[in-house]
Amino acid sequence: MLDFVQQLVSGVALGCVYGLIALGFVLVYKATEVVNFAQGDLMMLGGFFAFTFIGMMGLNYWIGFAGAVAAMALFGMLAERIVVRPILGYPQFSIIMATIGLGYFLRSVAGMIWGTDDFKIETPFSQGVLRVGSLVLAHDKLSVIAATIILCTLLWLFFNKTTLGTAMRASSENMLAAYYMGIPVKRVVSIVWAISAAVATCAGVLLAPITFIHSNVGLVLGLKAFPAAVLGGFGSIPGAVVGGVLIGVIESMAGFYLPEGWKDVAPYIVLLVVLLLKPEGLFGLHARKKV
Amino acid sequence: MRFLFKTDYEDDIRLFPHSGYVVSYGLLLAVLLIAPYLLSSYLMSQLVFVCIYATVGVALLILTGFTGQASLGHAAFLAIGAYTAAYLQKYNVPFPVYFLAAGALTGCIGALVGFPALRLQGIYLVIATISFAFIVEEILARWESVTNGNEGMRVKALSLLGVTVSRDSPTFYFLCLAVLVLTIVGTLNLLRSPTGRAFVAIRDSETAARSMGVNVALYKVKSFAISAAITGFAGVLFAHKLSFISPEMFTLQLSIEFIIVILIGGTFSLHGAVLGAIFIVMIDPFLTYLKDDMPGIIAGIAATFGAGAATAANIQSKVAAFAALNGLKGAIYGIIIVLFVLFEPLGLYGRWLKIKLFFQLFPLYKRATFKRQKIYVKSERNR
């Protein structure tokens, strides 16, 4: 029983990391109907920025964190301006390929600048553990869970309660109509990329103590976060986190109870089954067909 | 410029619209047939890979280009074809039998993948095919009694009609070329048949196709099966060419490469698959060549513009150090993909058509002919 709870908690923590990256996917998709395959690589880059500020320049953890988030928000806007804006509205396939290309580029450049070693960021949470009965919970994992809950709530409120959030939802439904209603669609898209890059950076910094930062971490985790977003129904903010937690728990349970090899495949098998039963994901909007 | 006057439907669907096509494609075929006697063995080897990649490209074009169903799982189909060949070869099954068996098995699995794909669209289909590819990769790594696990399988040289054909021999090249040509001709015939027109109708508008009486589900599954079967055939040749296969060869990276083949070649015509295959196979040796020779060339240019010997040597060593940077290839790869999506969405074949039209219409060519319309996003969620 204790093993089970321990696995569950570590699965939830891992799942929250996936959920955080998936949140980035969902944000961009929700506002622009673009699927950003470079989301994991944005996370990797955010982690490296934070490492540069904190580990190499010796700044305070929180200042370095904020600096990395701000820098990545600007970078997200830049990436949107150069890669996505010219092809906004073209078939998804083109945009997916463009972001895959962006991902290749970011991975290689990060490898060139920071090398191919693993890096670790010293955080205030790296040391301590919380003991509940005989259960041992590391602070770094708890920090990921807490951050995920906070970010998810904030983003949900932002999307559903603020004017800017409503404008984002409007421009995703019908860009032209939103433009006619006075929404500056281009600026909205730019802002949503900045937010999603910032969220990715939070994920990168928080998971640095758990998985370390290296130039391929974005690809590895991005490929797990992607099913998480799909499982939750692309375009639902709570769905992304629930999907991420599900994938994380399934992965850690499969790694513990099933023979070797199931750990990596189990999330994908579950994903395929869910897609078979509910093609729009768990929380996805039901698609209505209009001619 | 030649004007084609079409008087009936037969004129419209001819394989060779006029005699010029027969001459130019005949010449191309002749050049390809004498190529083994002209080119170095390294280039021949690359040419075999071009044939294999182009075959996969054609398969992917049927599915993605003409039926509009994106797939990032074609490496899995290639793997299934390759492993079927390697497994059956152990039991001394003759080449023609396991070649066909690999195609048939991959086709069946493709149809099975096609069924769940019926309900999925866009991004959900992409992730479903990625999941399928991951599961296949893991099965290949774990099913050790059949696939030998991560240690991989050796593939012996194929024997055709009692003659052993080594993987570097011209005969093997001719075999690959024959498979490619047959695939292309078969696909062209398929595309001008009712099946092919149904595929294109589904791509353009599923709702419209359904209301015209096209059985969308049936044709989607057919498209998956045909595409997978062709990829399976290519997989057999791939296994023989490499003579060793292991699960880590058939990763998502390879699936992305196949998509890049058709993206760079152009997704609207079979020419695209061949041009894209040439590009993707040749980019690696080309970049290596640049890496070895570029520093010297740049230093030479600097010297001609009056730089001193010391400065030139300095520049040369700097450029060489830059070229030797780890991962520069990946960055160039990424930039190429992004540039193609942004500036040449019709691919290499689209560029060729533009150049051709420029000379055909010489003083009258307008850039606007190929200009993309401005499109505004409408939600796919409640389409």
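Which one of A:LEU2, B:LEU39, B:VAL155 is farthest out on the positive end of the charge dipole of the protein assembly as shown, using unit charges on Cβ (Lys, Arg +1; Asp, Glu -1) and the Cα centre as origin?
Most positive-ward Cα: B:LEU39.
So if each residue of separation counts as 0.36 nm, and I subtract the Cα-Cα distance between B:ALA324 and B:TYR37, what length gain in nm does that give?
99.9 nm
Any idea which of B:SER211, B:ILE184, B:LEU346 is furthest toward the positive side of the dipole for the protein assembly as shown, if Lys and Arg beta-carbons carry +1 and Asp and Glu beta-carbons -1?
Of the candidates, B:SER211 comes out farthest on the positive side.
Mean projection of the alpha-carbon convex hull of chain A over all orientations, in nm²?
16.4 nm²
What value does the stretch B:174-221 have for Rg/Rh, both radii from Cα atoms and Rh as Kirkwood defines it?
When Rh is taken as the Kirkwood radius, the ratio is 1.17.
For B:SER317 and B:THR288, what is the calculated FRET efficiency with R₀ set at 30 Å and r taken between the beta-carbons, to the nearest 0.05?
0.95
Please report the spacing between the Cα centers of the stretch A:188-221 and the stretch B:326-362 in Å, no decimals.
Each part's Cα centre sits 31 Å from the other's.
Can you name the helices of chain B, as whole DSSP H runs, whose Cα span along the helix axis is 30 Å or more and whose Kyte-Doolittle mean is not below 0.5?
B:95-117, B:122-142, B:170-191, B:216-242, B:270-304
How long are the semi-axes of the ellipsoid equivalent to chain B, from square roots of 5 times the Cα gyration tensor eigenvalues, in whole Å, largest first?
Result for chain B: semi-axes of 34, 31, 24 Å.
Say we join alpha carbon atoms closer than 10 Å with springs in a Gaussian network model of chain B; which of B:LEU39, B:LEU190, B:LEU180 then has the biggest fluctuation?
Answer for the Gaussian network model of chain B: B:LEU39.
Take the Cβ-Cβ distance between B:PHE370 and B:LEU29 as r, set R0 to 35 Å, and report the resulting FRET efficiency rounded to the nearest 0.05.
Approximately 0.75, to the nearest 0.05.
Please order B:SER166, A:SER94 by the number of other Cβ within 10 Å, starting at the fewest.
B:SER166, A:SER94
Based only on other Cβ atoms within 10 Å, what is the fewest-to-most ordering of A:TRP62, A:TRP193?
The order, fewest Cβ neighbours first, is A:TRP62, A:TRP193.
Specify the longest stretch of chain B that does not include any exposed loop site, a site being one of the chymotrypsin sites (Phe, Trp or Tyr not before Pro) with a non-H, G, I, E, B DSSP assignment and at most 11 other Cβ atoms within 10 Å.
B:92-304
Can you work out D for the stretch B:160-269 in µm² s⁻¹ from Stokes-Einstein, where Rh is the Kirkwood radius over C-alpha pairs, the temperature is 4 °C and the viscosity is 1.567 mPa s?
Translational diffusion coefficient: 78 µm²/s.
Which whole-number percentage describes the relative contact order of chain B, with Cα contacts under 8 Å and a sequence gap of 6 or more?
Answer for chain B is 25 percent.
When the Kirkwood hydrodynamic radius is evaluated over all pairs of different C-alpha atoms of the protein assembly as shown, what value in angstrom, to one decimal, is obtained?
Every distinct Cα pair counted, the radius reaches 27.0 Å.
Using 29 Å as the Cα-Cα cut-off, could you pick out the over-long pairs in B:LYS291/B:LYS356; A:LYS161/A:LYS186; A:LYS120/A:LYS263?
B:LYS291/B:LYS356
Once R0 is set to 51 Å, what does the formula 1/(1 + (r/R0)^6) return for the Cβ-Cβ distance between B:LEU4 and A:TYR180, expressed as a FRET efficiency to the nearest 0.05?
0.70
For the stretch A:80-143, what is the convex hull volume of the alpha-carbon atoms per residue, in Å³?
Dividing the Cα hull volume of the stretch A:80-143 by its residues yields 179 Å³.
Taken together, the values in this text are just the output of simple stated rules run on the coordinates, not laboratory data. All values derive from a computational prediction rather than experimental measurement. Backbone-built Cβ (ideal geometry, glycine too); neighbour counts: all protein chains shown.
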